[in-house]
Amino acid sequence: IFRGTLSKRGVRVITGLGKYFRQVDKSRNGFLSQATFKEALKVFHLEVPEGDFESLWLILDDSKSDKVDYGEFTRAIFGEMNEYRKAFVRKAYMKLDFNKTGSVPMVDVRKCYCAK
């Protein structure tokens, strides 16, 4: 349903969906209910016929938990990162984790990154 080359609009929609999902995920657990997911598609004008939605939901909710992990959703859309991107992310993470603790607090990210 979402496969193919992503246009600029497609990238904006996927990015917008990510922001929307984080806003509606009140419990901050990274999961979305079927109703929330369906509403998100409507908000972003992604028309999916009911039969196709049911098929999509079955694919995304492979654990049959009646919820979808947002990380799994993005991997389903974009696929796994290639080795070049993984190496790039690792390199960036190593710079952020300068104390080598295995986690990076937001305060450390702010020291290294300026969104301007």
Which of the residue pairs 19/95; 19/91; 19/116; 19/64; 19/67; 38/67 have a Cα-Cα distance greater than 23 Å in the structure shown? 19/95; 19/91; 19/64
Show the residues, 5+ positions off or on another chain, whose built amide H is closer than 5 Å to the amide H of residue 30. none
What is the angle, in °, between the Cα long axis of helix 50-60 and the longest principal axis of the Cα atoms in the chain? Nearest 10 is fine, range 0 to 90. 30 degrees
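State, as an integer percentage, the relative contact order of the stretch 1-78 based on alpha-carbon contacts under 8 Å between residues 6 or more apart.
About 35 percent, as a whole number.
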With springs only between Cα atoms under 10 Å apart, run a GNM on the chain and tell me which of 11, 48, 89 wobbles the most. 89
Mean-square fluctuation check for the chain, GNM, Cα pairs under 10 Å: which of 75, 85, 28 is largest? 85
Binned at 10 Å from 0, what are the whole-percent values of the Cα-Cα distance distribution for the chain, short to long? 11, 34, 34, 18, 3, 0
Pairing the Cα long axis of helix 8-24 with the longest principal axis of the chain, what angle in degrees results, from 0 to 90 and rounded to the nearest 10? 90 degrees
Crossing angle, helix 34-43 versus the chain [Cα axis fit, 0-90 degrees, rounded to tens]: 90 degrees
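Values quoted throughout were computed directly from the atomic coordinates according to the rules given, and no laboratory measurement underlies them. What you see is a predicted model; the values in this text were computed from it and never measured.
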